[in-house]
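This is the structure, below, for whatever I ask next.
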Amino acid sequence: MSRWRRERRVVVSGIGGMICLVAGIPALGAEHTFDGVYTGKRSLVKGTVGPMCPTEDDVSVNIHGSWITFFNSALKIFAISFYPNQDGSFGETYQGGSTVNIRGRVIGNVIEADVTNYSTDPPCEQHWHLTKE
């Protein structure tokens, strides 16, 4: 192989590698696309009204990396892992002193989610509608 062809191959390979590197840069920040503070209401869908299951309550959610932390009148601060799909859908279950299941989707600046708290009898099911601040 001539020297010219080898040099050309190295240059073409280098350009191809740079294109792959530049194309991959947006993907590096994609994991934090949903980061931010979202506020809104949780509304009782199913369950008995009580301190853990109010008819309506304010909710604040902070998404940071792989954690979602939420604040409401019953669970002052509650954090669980957060691994959303590329389309913004997610489903997480916390099992500790209580079991909480959260399933939802981030669409633009809005979170729509259904949350079930199994520590109450009967379980408390709520719907969240939150908007990014």
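Conditions first: (1) surrounded by fewer than 17 Cβ atoms within 10 Å (Cβ to Cβ); (2) over 15 Å from the mean Cα position of the chain (by Cα); (3) more than 20 Å from residue 122 (Cα to Cα). Residue 40 passes all but one, so which condition is the exception?
Looking at each condition in turn, residue 40 falls short on (1).
Name the residues in region 82-132 that are of a type in the set (Asp, Glu) and either outside the structural domain of residue 53 (by TED's automatic domain parsing) or under 23 Å from residue 54 (Cα atoms) (or both), would you? Quick ask: steps written out before the conclusion?
Within region 82-132, the subset of a type in the set (Asp, Glu) is 87, 92, 112, 114, 121, 125.
The answer is 92, 112, 114, 121, 125.
Suppose we filter 22, 45 for residues that are modelled with pLDDT of 95 or more and farther than 16 Å from residue 131 by Cα; which single one remains? I'd like the intermediate steps shown before the answer.
Details: 22 fails: modelled with pLDDT of 95 or more.
Every option except 45 fails the conditions.
Continuing with the same structure: Within region 68-79, which residues are farther than 17 Å from residue 112 by Cα and in a strand (DSSP E or B)? Don't jump to the end; show me each part of the working.
If we filter region 68-79 for residues that are farther than 17 Å from residue 112 by Cα, which is where we start, we get 73-79.
78, 79 - these are the residues of region 68-79 that are farther than 17 Å from residue 112 by Cα and in a strand (DSSP E or B).
The values are calculated or read from the model by the stated rules, or taken from the named source; none is laboratory data. Treat the numbers as computed from the prediction; the structure is a model and nothing was measured. Heads up, the Cβs are rebuilt from the backbone with ideal geometry, glycines too, and the neighbour counts pull from every protein chain shown.
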